[in-house]
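The values are calculated or read from the model by the stated rules, or taken from the named source; none is laboratory data. Because the structure is predicted, anything quoted here is derived from the model rather than measured. Neighbour counts are summed over all protein chains in view; Cβ atoms, including those assigned to glycine, are modelled from backbone coordinates with ideal geometry. With ligands, DNA and RNA removed, areas are computed over all heavy atoms of the protein, side chains included. Shrake-Rupley method; radii C 1.70, N 1.55, O 1.52, S 1.80 Å.
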Amino acid sequence: MKILVALKQVPHQDARLDVNGDGTWIKEDGIKFEINSYDTYALEEALRIKDAGEAEVVVISIGPDRVTQALRTALGMGADRAVHVNDDALVGSDSLGIAKTLAAIGKEESPDLVFMGLMSDDGNASAVPPMVAELMGLTSATGVLKAELSDGNVRVERELEGGALEVVDLPTPALLAVQSGLNQVRYASLKGIMAAKKKPIDVKTAADLGVADAVGSGGAKVKIEKVYQPPKGDGAELLEGSTDEIVTGLVNKIKELGLL
Amino acid sequence: MSTLIVTEIQKGAIREASYELVAFAQKIGGDYASLVIGSGVGDLATAFAGKGGGKTYVADDASLADYNVDGYNAAIQAAVAASGATTILVSNTPSGWDVAPRVAAALDAGFISDVFNHQDGNFVRRVFNGKLDAQVSAGGGTTVVTVQPGAIAPFEGSADGSTEALSVDTSGARAKFVETKVAEAKGVDLSKAEIIVSGGRGVGDPEKFPEVIQPLADALGGAMGASRPVVDAGWLPHEYQVGSSGQVVTPKLYVACGISGAIQHLVGMKGSNFIVAINKDADAPIFEVAQLGVVGDLFEIVPALTAAITAAKG
C-alpha cells in the first residue's frame, strides 16, 4: 500500500501577523513556521496505517527552502520519503494551481490513499483536497474523524454540524481530508530524526510537473486584492489598570448583570 | 453575468442558508437561477422557486436522496451547463465544502470559499483563523463561491419562479452514504448553564483547567467549557467543547479565557447575553464579540477574580 500525505508549512499560530508592503498577504520575514495543524493529523493517520501493516508513506509539500524543515520533521515522525516542489514560479498561485501541482505528483505516484488536512491555518480555504481528488479522478471525503480500511474500501465518519456524523463508504483509491482531533499526533523521536537525515527528498519544479501555465499569479483564476485587519466594530470595552482594579471592574459588572 | 444558487435540504426543508444565498445573489446583481437536489423534492423546489429562487432546476433522483459527493458534483455540473451560470453559490456547510471545490476543479473554475460579504466587486473572507480579512476578486471565467451561513440576512419575500427538471447521470458515483449518526448525549450539558467559563489554547497546559478555569466556574456557580484546540489536544473531553462542532451556548455570562476567537468558536457562543474576554493578544478576534475585555495574563486575572467572587459571596 502506498499513502500520499500533502502538507503545508504555515506561519506559527502565535506568530505576529503584519500585512506586507503591497497589502496582499503577510510579511513572512522573521516569523516562525510550523506544519499546518490539520496536516499533522493527516500524517499521523497515515503513519498509523503504516504501523499496523505495510505501507509506504510519501509526504509532499510546496514552498520555498524553509519547507525542507517541515518535510524533515515529517520524515522524522516516520514518513519514508518526500517530494518538495520548490519553485518561485508557484508564488501567487490560487488553490486550483496548488491542486494541479499536487495532483500531478499524485498521478505519478498512484497512491492507494491520499491524506490531507481539512484546511490550512493561513488561507482557511478548505479548497485544495477535494480539488486534488477531482483532478486525480478519486472519490473523496472531508472533515474525516474516523477512517477504517478494509479490502478495497475505506469507511469514514465525517463531521457534520452540532457533533453529528455522516458515515460514508469510499472505494479506494480515495482522498481523505481530515478534521483536527481524530488522533493524537506523535512527536518525532531522536532516533527518527537521525534516520530522517538519510531519507530522500526529491525536489521538483512546476515545469517538471507540467503545470507551469497553471501556477503563479499568471495561472491564478482568483486574486487576493488586499488583506487587512478586520474593521473594528464596537468591540469590547477594555478594562485597564492594576490586577486589583481590573478584578474590581469585573466583579462590578457581574453584580450589575445580577449574577452575584 | 448570471448566478446559480445551489440550495441544500436539511431535515426535509430547504435550509435558511439557501435563502441567504438568494440575498447574496441579489447583492451581486444580475440574473440568477437555483438548483434543488434530492429525491421527491418537486414540492420543495416549487415552493423555493416562488420564494425568491426564480427559475429552479430540480435534480430529483432516488440516488440523490442522501448527500454523496459524486452524485451532487454531477448534479451541480449539470445545472451549471443548463443555466449557463458563471458564478456558482454554495453554502459553506459540511456538504458544501465537501463538493464545491470538486465542482470548481472539474470546471477549471476559480474558487473562493467561506465569504461573508461582497464589496467593491470583491468577495470578502476571513483568513488566518479570523485574524485578518481578505478581499478576493474573481477572474473573467467561471467562479465557484461558498458563502458562510449566517453572514447575510436571508431573502424573505416572494417572487415569480418556475421549475425545470434536470436530468443527472449519477451512475459514476463511487461514494456511498451509509448512515447519519446523531450527536451523542452530553455528559456536560452546557446549553442550560447560566454562566460558562471557557478556556482555550492560551491556558497552555491541561492541568491548568482544574487549577485555574474550573475554580472560577465553581465560584460563579457556572460550568466550564473549552475551545476546539483544547479538546483536539486531549486536555478535555469533547463534551466540554463550545463551537460549531461542539455545543452552541447562550448563557447570561460567558467568560473566555485564553481563547483567540476562531470563527468556529464564535459561532458557538456569540449569542451569549454578556461576553467577557481575557487574552494576552490585544488583536485577538474574541475582543470583537466581547462586551468587556481584559488584555492581560489570565493566570494573574482569573485566580484573583475567583478569590474576589468567593469573598463577595461571603
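Based on protein heavy atoms only, region A:132-192 ends up with 39 Å² per residue of surface accessible to a 1.4 Å probe. For the protein assembly as shown, the normalised intensity computed at q = 0.06 Å⁻¹ comes to -0.31 (log10 of I(q)/I(0), Debye sum over alpha carbons, equal scatterers, no solvent).
Two numbers describe the Cα atoms of region B:235-300: Rg and Dmax, which are 11.3, 31 Å. The value obtained for region B:190-313, namely the Cα convex hull volume divided by the number of residues, is 87 Å³ per residue.
In region B:151-260, the ratio of gyration radius to Kirkwood radius, Rg to Rh, stands at 1.22 when only Cα atoms are counted. Evaluated on region A:154-216, the Kirkwood hydrodynamic radius is 16.5 Å, with distances taken between all distinct Cα atoms. Full extension of the chain between A:SER217 and A:LEU257 gives 9.1 nm of extra length, using 0.36 nm per residue less the Cα-Cα distance.
Counting only Cα atoms, the size of region A:107-233 along its three principal axes is 47, 45, 36 Å, in decreasing order.
Bridges between two residues of region A:2-219, per DSSP, are antiparallel at a rate of about 40%. Using bins 20 angstrom wide from zero, how does P(r) for chain B break down, in % of all Cα pairs? Calculated over all Cα pairs of chain B, the distribution is 30, 47, 21, 1 percent. With a 1.4 Å probe and all protein chains left in place, how much of the accessible area of region B:190-313 comes from carbon and sulfur atoms, in whole percent? Taking all protein chains in place, region B:190-313 shows 53 percent carbon and sulfur surface. Between A:VAL203 and B:ASP169, the modelled labels are 4.6 nm apart [label points 7 Å from Cα along Cα→Cβ].
Normalising the Debye intensity of region A:1-53 to I(0), with uniform scatterers on Cα atoms only, and taking log10 at q = 0.16, 0.21, 0.24, 0.26 Å⁻¹ returns -0.60, -0.78, -0.90, -0.98. The alpha carbon centroids of region A:61-87 and region A:181-260 are separated by 20 Å. Here is the tail figure for region A:2-219: Cα pairs spaced more than 31 Å apart come to 17 percent of all pairs.
Label-to-label distance for B:ALA312 and B:GLN214 is 2.4 nm, based on points extended 7 Å past Cα in the beta-carbon direction. Note that region B:268-314 presents 40 Å² accessible area per residue, ligands and nucleic acids not counted, probe 1.4 Å.
For B:LYS55, the lysines whose Cα comes closer than 22 Å to its Cα, not counting residues fewer than 8 places off in the same chain, are B:LYS27.
Once you order the gyration tensor axes a ≥ b ≥ c over the Cα atoms, which shape class does region B:186-246 get: rounded for a/c under 1.5, otherwise prolate or oblate by comparing a/b with b/c? Here region B:186-246 falls in the oblate category.
Rounded to the nearest whole angstrom, the semi-axes of the ellipsoid equivalent to region A:98-155, taken from the Cα gyration tensor as √(5λ), stand at 19, 16, 8, largest first. Under 19 Å from a label point set 7 Å out along the Cα-to-Cβ vector of A:GLU240, the amide N atoms of region B:242-280 belong to B:277-280.
Here the peptides A:11-19, A:123-131 are ranked by packing, the mean other Cβ count within 10 Å, and the order with the highest first is A:123-131, A:11-19.
Principal axis analysis of the Cα atoms in region B:42-152 yields extents of 43, 30, 26 Å, listed in decreasing size. In square angstrom and rounded to 100, what buried accessible area do you get between chains B and A, total over both, with the probe at 1.4 Å? Using a 1.4 Å probe on protein heavy atoms, the buried area is about 6900 Å².
The calculated FRET efficiency for the pair A:LYS32 and B:ALA153, based on their C-beta separation and a Förster distance of 41 Å, comes to about 0.50. For chain A, the longest principal axis of the alpha carbon atoms and the long axis of helix A:67-77 meet at an angle near 80°. Packing around the peptides B:202-209, A:107-114, taken as the average count of other Cβ atoms within 10 Å per residue, puts them in this order, highest first: A:107-114, B:202-209.
Most simply put, the protein assembly as shown has about 35% antiparallel DSSP beta bridges, counting only bridges with both residues inside it.
Quick one: how many lysine pairs in region B:94-242 have C-alpha atoms under 28 angstrom apart, if they're 8 or more apart or on different chains? Qualifying lysine pairs in region B:94-242: 4. Sorting B:233-246, A:205-218 by their mean Cβ neighbour count within 10 Å, with the most densely packed peptide first, gives B:233-246, A:205-218. For an R0 of 41 angstrom, estimate the FRET efficiency from the Cβ-Cβ distance between A:ARG66 and B:SER162 and round to the nearest 0.05. The computed FRET efficiency comes out at 0.15. Taking every residue in B:291-298 and counting other chain Cβ atoms within 10 Å of its Cβ, the average works out to 5. If R0 equals 35 Å, the separation of the Cβ atoms of A:ASP80 and B:LYS252 corresponds to a calculated FRET efficiency of about 0.05. If you count Lys pairs in region A:165-260 whose Cα atoms are under 27 Å apart, skipping same-chain pairs closer than 8 places in sequence, the total is 5.
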